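The values are calculated or read from the model by the stated rules, or taken from the named source; none is laboratory data. Please read these numbers as outputs of a predicted model, since none were measured by experiment. Don't worry about glycine lacking a Cβ; one is built from the backbone with ideal geometry, like all the others, and counts go over all protein chains shown. With ligands, DNA and RNA removed, areas are computed over all heavy atoms of the protein, side chains included. Shrake-Rupley method; radii C 1.70, N 1.55, O 1.52, S 1.80 Å.
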Amino acid sequence: MPTIPATIEDVTAEWLTEVTGLAVTALSSEVIGVGIGVSSAVYRLTLSGDDVPDTLILKLAATDAAAVFTCTMLQMYSREVKFFDELVNRSPINVPAGFGGQSSEDGSSYFLLMEDMGGHRIIDQVVGMEIADAEQAVDELAGWHGKFWGDADRFVQTGAAVSLADPIYTAVLPVVFAEGWEKVSAAMDVGPVISRVAPRWAAALPAMLTALSTAPTTVVHGDYRADNIFFDADGRIVLLDFQLTGLGTGAYDLAYFVTQSLLPDVAAANERALFDRYVAGLHAAGVSEGETAGLWENYRVAALFCLVYPIVAARGMDLDDPRQFALVDTMSRRCGRVIEELGLEDLLGD
């Protein structure tokens, strides 16, 4: 079994040959993805050798200890490795090919090698996605959820997915949310809505997770947002980042995508139309109308739950970095928009 590199300096041509079976004679590396996410350190490897790809993407554990803690507790590294073992060939959405991966027994370190998809069109999440691209992303999301509708439990059993009802979420998220909120509230003005909601969010977490994991469920991507979505030359999406693959309501991915990947005015003007488009896509994929009857309420709960993403991510971010600050600030304000417009404070209870 190959060793798991502790740092990029441990990645050699000999190691890469052992892991992939490719005849790699030399390599160089560059850091990519800075300011987009902090759960992993991501590198582009440029390869030399006979009949080898020009480049591969390598993911290693994050360099920030707080991010590694969260990823370990939530089994994020092992989930991503198992996605490429069990789900990659089942995906109806184009995803990178895997070239090998492994996680440590305790889940605190890993490596993952995959196809470099960097030549495709990229949309900056802070800038926001145009509605035509959003419609394509919603259509393909409905196809993904329809493919795995009612079939997520077996992937939970293998560890390729974690149910949103798993006790680990109620154990970990309140702690890391509180730490993230302390950091965010000290670093930026999040606005009055988030200032009211954030201190009450953890108390509502168990009820939110119960609603989001109640049947009918599917395999959710868990981080379906613009920074993880590329577009190929034919306008189809290429999906990345499978560390949060789980069991839950399909409305979870949809709400996160619509509320976080579009500019607030674009989201507000198209929110219900995109929801209806998604439901129609599920029906076209064979999901019955009865099974989609409660999805709008699930959407509302998911939109409130999604405040967890910017707040927890901020724990491992350098908020003095303009791109990382902008991402957290943008996501928090977009959460404020949907909480206010859909009256989601009512879901917090008394």
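A compact table of results
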{"read-out": "Whole-angstrom Cα spans of the range 175-229 along principal axes, big to small", "value": "39, 30, 20"}
{"read-out": "Translational diffusion coefficient (Stokes-Einstein; Kirkwood radius from C-alpha pairs) of the range 276-326 at 37 °C, 0.692 mPa s, in µm²/s", "value": "241"}
{"read-out": "Within the range 233-302, GluC sites (Glu not before Pro) in DSSP loop having at most 12 other beta-carbon neighbours inside 10 Å", "value": "GLU289"}
{"read-out": "The range 53-154, Rg to Rh (Cα coordinates; Rh as Kirkwood inverse mean 1/r)", "value": "1.00"}
{"read-out": "The chain, accessible surface, carbon-and-sulfur percent (1.4 angstrom probe)", "value": "51"}
{"read-out": "0 to 90° range, to nearest 10: angle between helix 131-147 axis and the chain longest Cα axis", "value": "80"}
{"read-out": "Where Rh is the Kirkwood radius over Cα pairs, Rg/Rh for the range 31-93", "value": "1.04"}
{"read-out": "Net length gained if the chain between ALA293 and TRP15 were fully extended (0.36 nm per residue, minus Cα distance)", "value": "94.9 nm"}
{"read-out": "Sequence-separation-based contact order of the chain, relative, with Cα cut under 8 Å and 6+ spacing, percent", "value": "20"}
{"read-out": "Net charge over other residues, Cβ less than 15 angstrom from the Cβ of GLY159 (K, R count +1; D, E count -1)", "value": "-4"}
{"read-out": "The chain: angle of helix 76-86 to the longest principal axis, Cα-based, in degrees nearest 10", "value": "70"}
{"read-out": "Spacing of the two label points (7 Å from each Cα toward its C-beta) at ASN89 and ARG154, in nm", "value": "1.3"}
{"read-out": "Helix-only mean residue ellipticity at 222 nm for the chain, each DSSP H run of n ≥ 4 adding -39500 (n - 2.57), per residue, nearest 500", "value": "-15000 deg cm²/dmol"}
{"read-out": "Spin-label model distance (nm) - SER28 vs THR214, 7 Å beyond Cα toward Cβ", "value": "5.7"}
{"read-out": "Residue among PRO264, ALA187, THR292 farthest towards the positive dipole end of the chain, charges placed on Cβ", "value": "THR292"}
{"read-out": "Among [x] 39, 30, 19; [y] 32, 23, 20; [z] 43, 29, 21, the entry that matches semi-axes √(5λ) of the Cα gyration tensor in Å as calculated here", "value": "[y]"}
{"read-out": "In nm, spacing of pseudo-spin labels at ALA203 and ASP265 (7 Å Cα→C-beta vector)", "value": "3.7"}
{"read-out": "12 Å beta-carbon shell around THR330, net charge (K/R +1, D/E -1)", "value": "+2"}
{"read-out": "Cβ charges +1 (Lys, Arg) and -1 (Asp, Glu), total dipole of the chain, debye", "value": "660"}
{"read-out": "Solvent-accessible area per residue for the chain (1.4 angstrom probe, square angstrom)", "value": "40"}
{"read-out": "Diffusion constant of the range 119-243 at 10 °C, which comes from Stokes-Einstein with the Kirkwood Cα-pair radius and 1.306 mPa s, µm²/s", "value": "93"}
{"read-out": "Net charge of neighbours whose Cβ lies under 12 Å from the Cβ of LEU239, counting Lys and Arg as +1 and Asp and Glu as -1", "value": "-4"}
{"read-out": "Most positive-pole-ward Cα, LEU60, LEU247, ALA26, against dipole of the chain from beta carbon charges", "value": "LEU247"}
{"read-out": "Charge dipole magnitude, Cβ of K and R +1, D and E -1 - the range 15-106, Cα centre, debye nearest 20", "value": "280"}
{"read-out": "Kirkwood Rh in Å, taken over the range 209-339 so that all alpha-carbon pairs contribute", "value": "15.6"}
{"read-out": "Degrees separating the helix 250-261 axis from the principal Cα axis of the chain, which is the longest one", "value": "80"}
{"read-out": "Reachable lysines from LYS82, criterion Cα separation under 18 angstrom, eight or more residues apart if same chain", "value": "LYS59"}
{"read-out": "Span from the the range 225-271 Cα centroid across to the the range 128-178 one, whole angstrom", "value": "11"}
